[in-house]
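Bear in mind that the values in this text are calculations on the coordinates, not laboratory data. Here the structure is a predicted model, which means the values were calculated and not measured. In this analysis, Cβ positions are derived from the backbone assuming ideal geometry, glycine residues included, and neighbour counts consider all displayed protein chains.
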């Protein structure tokens with residue numbers, strides 16, 4: 001799949017208030033939300049806005065990433081920079097939103113990596129090229145795979161509507 | 001094999017005799033609720049129809065509800081423009097369950113749905129808001145979804161690829177003692193389960209303390225089930241559900257009432273003894289960082305907030321008004337009160353509660369989400385401390401990542417308002 005650096009390492013229970021603070025919720029369009037990604041982390045937000053974070057880089061988190069609000073901006077704002085989120089696990093609504101909007105995310109329960117490490121994703125594993133260790137990827141819920149394969153929920157439902165009308 | 005309440009509900013909704021945990025279903029939706037984020041739902045909904053040669057028309061305007069609550073009245077031109085777009089869409093699609101910024105019909109979505117009788121036992125309710133779990137208090141399978149998922153529901157009338165969740169049975173024995181409330185019970189449970197302990201599961205509430213609890217209290221429990229990661233919380237409907245829907249929500253006629261099978265299989269059973277519970281406080285910056293009040297008593301407070309979809313109902317307001325009546329909010333502490341709906345506000349006016357609170361120094365604001373998520377009013381200053389009856393205390397939640405938020409019951413909020421520090425309501429006379 002892809003390779004890149006860990007550009008941000010986070011702990012457990014990272015809420016959508018941290019990913020996309022509530023005060024920016026009146027901004028809804030996926031074209032506009034990336035500006036406010038991690039807005040309360042001034043340094044990382046600036047790096048994103050100044051295009052200093054290459055597409056394909058990784059955000060690494062612990063348990064329950066994306067807990068809290070259902071705001072889809074939390075997924076679309078990361079998607080805007082084409083980053084991949086690797087976490088030990090994800091909160092339900094965030095996981096669903098990510099699949100729906102096409103944000104790349106990987107469930108990797110045993111992942112060990114530090115900020116700056118080079119990672120590569122291939123054949124069901126995350127390889128930490130810096131430490132030489134590999135970690136198994138947990139497949140996404142099978143109920144969601146068809147949506148991922150279609151490239152997101154909008155194209156999936158569009159096709160379904162046409163099929164059902166035919 | 002026996003089914004949990006949720007399995008049984010899903011089987012009935014899909015016209016099947018049996019569903020098992022892990023089965024993948026297409027679920028018919030009885031009610032689809034959105035608030036101001038309908039602005040994004042509309043955008044995604046229109047996008048679905050792009051290039052199909054079909055006009056974007058919702059599947060059933062009767063089954064869609066839209067309530068303005070997050071930023072009312074609009075705090076910015078951007079919000080006002082979003083609300084304007086939504087009003088135009090509502091008119092175009094003929095959506096009648098629309099609650100605008102109005103004193104005769106407005107309020108927080110999770111209060112508007114119950115009090116207007118929009119939710120019934122056995123229904124499947126989705127909302128583009130994580131606290132949609134609230135409506136499990138009336139025996140619905142109710143949960144939060146994102147805006148694009150909601151756009152798909154508007155187009156199809158169903159939810160695709162839903163995996164039947166397992167359930168955690170929570171049995172609450174005994175009775176809550178004086179000064180202890182449903183909020184204390186749910187905070188205790190979240191502390192026990194952790195913020196991700198119920199991820200992808202339903203919390204099904206049982207036991208004597210639940211049977212004795214009013215719908216208002218059950219709404220508090222189910223509202224915060226999501227803070228343990230639960231997909232939904234649910235109280236199997238009973239005589240109290242029937243009473244609430246008939247007497248308070250004006251729902252005539254028979255209801256589809258059923259319970260779980262006696263031999264239902266639960267993934268976990270948690271027992272709590274209500275008699276032993278004391279007031280609980282969720283400390284910064286996670287909702288599962290729960291402590292007994294004795295461990296945090298005396299913490300100095302800059303702001304106290306009463307309200308939200310968790311604890312802004314008439315019984316909550318009544319506790320606060322009675323505690324404050326004839327007394328004063330401590331100097332140096334601000335107290336803000338946001339009733340959950342205008343119906344509640346009006347009742348509080350009639351009962352003199354608003355006067356009691358205002359004369360004591362509280363600022364009573366218009367119904368809405370208010371400061372809960374830091375987008376409208378009542379933001380915190382740097383290094384300030386707030387105590388709130390709301391549902392989340394994440395870093396930055398009340399508009400300032402440099403502030404701290406503690407969560408509590410309305411009784412703790414009221415007692416603490418008089419002293420200006422976190423106080424035990426059982427010690428206030």
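Structure notes:
- Difference of contour (0.36 nm per residue) and Cα-Cα distance, residue B:47 to residue B:246: 67.6 nm
- Between residue B:96 and residue B:254, the modelled label-to-label distance comes to 2.4 nm, taking each label 7 Å out from Cα in the direction of the beta carbon.
- Prolate/oblate/rounded label for chain A (Cα gyration tensor, a/c 1.5): oblate
- With contacts taken as Cα pairs under 8 Å at a separation of at least 6 residues, the range B:127-179 carries a relative contact order of 24 percent.
- Summary of the geometry: the range B:354-429 and the range A:103-166, compared by the centres of their Cα atoms, lie 41 Å apart.
- As a calculated quantity, the FRET efficiency between residue A:164 and residue B:291 at R0 = 60 Å, using C-beta atoms, amounts to about 0.70.
- Applying 1/(1 + (r/R0)^6) with R0 = 25 Å to the Cβ-Cβ distance of residue B:351 and residue B:211 gives a FRET efficiency near 0.35.
- Taking the helices alone, the protein assembly as shown has a mean residue ellipticity at 222 nm of -8000 deg cm²/dmol, built from -39,500 (n - 2.57) per DSSP H run of at least 4 residues and averaged over all its residues.
- As a length-normalised measure over Cα pairs under 8 Å and 6 or more apart, the relative contact order of the range B:45-139 settles at 27 percent.
- Shape class for the range B:46-181, computed from the alpha carbon gyration tensor (a ≥ b ≥ c): oblate, with a/c not under 1.5 and a/b at or below b/c.
- Efficiency of FRET from Cβ geometry, residue B:24 and residue A:123, R₀ 41 Å, rounded to 0.05: 0.95
- Average beta carbon contacts from partner chains per residue of A:92-98, 10 Å cutoff: 6
- Rel. contact order, % - alpha carbon contacts under 8 angstrom, at least six apart, chain B: 17
- Three principal axis extents of the range B:353-429 based on alpha-carbon atoms, in descending order, are 35, 26, 20 Å.
- Cα gyration tensor shape of chain B, rounded if a/c is under 1.5, else prolate or oblate by comparing a/b with b/c: oblate
- Each part gets one Cα centre, and for the range A:4-58 versus the range B:271-330 those centres are 33 Å apart.
- Distance from the range B:95-133 to the range B:67-88 (C-alpha centre basis), Å: 17
- Packing around the peptides A:100-110, B:410-420, B:394-404, taken as the average count of other Cβ atoms within 10 Å per residue, puts them in this order, highest first: B:410-420, B:394-404, A:100-110.
- For the pair residue B:325 and residue A:138, label points projected 7 Å from Cα toward Cβ lie 5.2 nm apart.
- DSSP-defined beta bridges in the protein assembly as shown - what % are antiparallel, rounded to 5: 30
- Relative to its residue count, the range B:225-320 spans a Cα convex hull of 185 Å³ per residue.
- Approximating the spin labels as points 7 Å out from Cα along Cα→Cβ, the residue B:265-to-residue B:76 distance works out to 5.0 nm.
- Exposure proxy ranking for B:14, B:408, based on other Cβ atoms within 10 angstrom of each Cβ and starting from the fewest, stands as B:14, B:408.
- Rg/Rh for the protein assembly as shown (Cα atoms only, Rh after Kirkwood) is 0.95.
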